[in-house]
Amino acid sequence: MSRDLAVFNVARAPDGALTMEGVRLIDVAREFGTPCYVYSQAALMAAFHGLDRALRTARAGRPYLICYAVKANSNLSILSLFASLGAGFDIVSGGELRRVLAAGGDARKVVFSGLGKTADEMALALEAGIKCFNVESEPELERLNGVAGRLGVRAPVSLRVNPDVDAKTHPYISTGLKNNKFGVAFERARDVYARAATMPHIDVIGVDCHIGSQLTDTAPLTEAMGKIVALADELAAAGIPLHHVCPGGGIGITYRDEAPIDLAAYASALQAALGERDVELLLEPGRVLVGNAGVLLTRVEYVKPSTAKNFTVVDAAMNDLIRPSLYQAHHEVLNAGESSAAPLDCDVVGPVCESADVLAYNRRVSAREGDILALLSAGAYGFVMASNYNSRPRAAEVLISAGVPRVVRKRESFDDLIAHERV
């Protein structure tokens, strides 16, 4: 390990067992089976409070709202926890809105992002009374005006502006360049705002952007913030005052040896860009609140040495955690116990019938058949991206709270897999 285990919210007990909130993860695996996602409530709360404290200090009494990006991890228990801490929510589908409401979230703190909103989703959000729609195109704006008109209401709108800023992250999670599918082109934004301000069922209330995910450099984030603040000033001068400014989310975490963003410095930079302007600051973080609060536990099925390449075959697979296959993402791999096996240079692979089914490349792993391995930093974009490929039931999810592990999503059964099919 290149970093202190505390970064990943796990520790080693004197007997070598890996623990989370003092709970031995091998005991969690024995009780609830594998593959299994395990989250720490204490880590979730610490991450939220850390960001909240940075913003509260920087804003010095001015309004702000943390809108958790539900797509990062949408388990109802996690949404309920963040709602209890005062969070708002950033959603990208009608299903995510229903999850937020089912978890006790306040619709008045919900912002609806995403560039393919359907008329039914718009109606659902308007009827719920959400805070704002982050509109991503002119056709979407026209549709929203029509839906709001049919319901006899006015839709609160913020344009998601594409500032053409290079986030310098993986191309699949870069969203703020002019060739990305997201947002209204920066050079079109003024005209689109002017059009929106004339629509009978639209209330223009904010400006939004989002340039990418897993960002560990504040420079692109502050550059984008500067652009949208300048745009807000131009709009105010043109008679279109805005009530909030949102530079999006995308704050990264440590997966291997990345140095994360200094939240206090970032919050101060955002406040410096806003100055004395009388607007609310919104943020839409996801990964930074949940990523290092979770691990994926998996059991070793076989250790398969060969002359060309060694493999540690486990019962988790790309259907459980697709990030390594999709993004070439790195997750640290640790034995959850203390193995007497000799270290082996190997790939950690799953049983799915794809050569892409590799959870970790070129690792030095000490493990025997039956051992439990932990893949760290699995709290974000883990279970939410899972599938039933190869007719594999999705994993259980467990939340540890005050030293007690509880199932917050039961493991799927074969009957669950075929429940909606007919012969």
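Details
- Complete set of residues in the range 300-318 that are assigned to a strand (DSSP E or B) and touching a Pro at 6+ places or on another chain (Cβ under 9 Å): GLU301, PHE311, VAL313, VAL314
- Residue selected from the range 361-398 under the condition surrounded by 15 or more Cβ atoms within 10 Å (Cβ to Cβ) and either at positive phi or without any contact (Cβ under 8 Å) to a residue 60 or more places away in the chain (or both), by the criterion nearest to the chain's Cα centre (by Cα): TYR381
- Qualifying residue in the range 315-333 (condition: more than 30 Å from SER80 (Cα to Cα), assigned by TED's automatic domain parsing to the domain that holds ALA396 and among the hydrophobic types (A, V, I, L, M, F, W, C)): no
- Qualifying residue in the range 15-35 (condition: among the acidic types (Asp, Glu), assigned to a helix (DSSP H, G or I) and more than 30 Å from GLU301 (Cα to Cα)): no
- Against the conditions (1) in the same structural domain as ARG53 (by TED's automatic domain parsing); (2) surrounded by 22 or more Cβ atoms within 10 Å (Cβ to Cβ), VAL295 satisfies every one except (1).
- Matching entry among SER74, SER80, SER84 (being outside the structural domain of ARG299 (by TED's automatic domain parsing), under 17 Å from ARG409 (Cα atoms) and out of contact with any helix residue (DSSP H, G or I) (no Cβ under 7 Å at 6 or more places or on another chain)): SER80
- Candidates are the residues of the range 253-270 that are in a loop (DSSP other than H, G, I, E, B) and out of contact with any Lys or Arg (no Cβ under 7 Å at 6 or more places or on another chain); the one that is nearest to ARG56 (Cα to Cα) is ASP262.
The values are calculated or read from the model by the stated rules, or taken from the named source; none is laboratory data. Because the structure is a prediction, the values reported are computed rather than measured. Here Cβ is always computed from backbone atoms with ideal geometry, including for glycine, and neighbour counts include all displayed protein chains.
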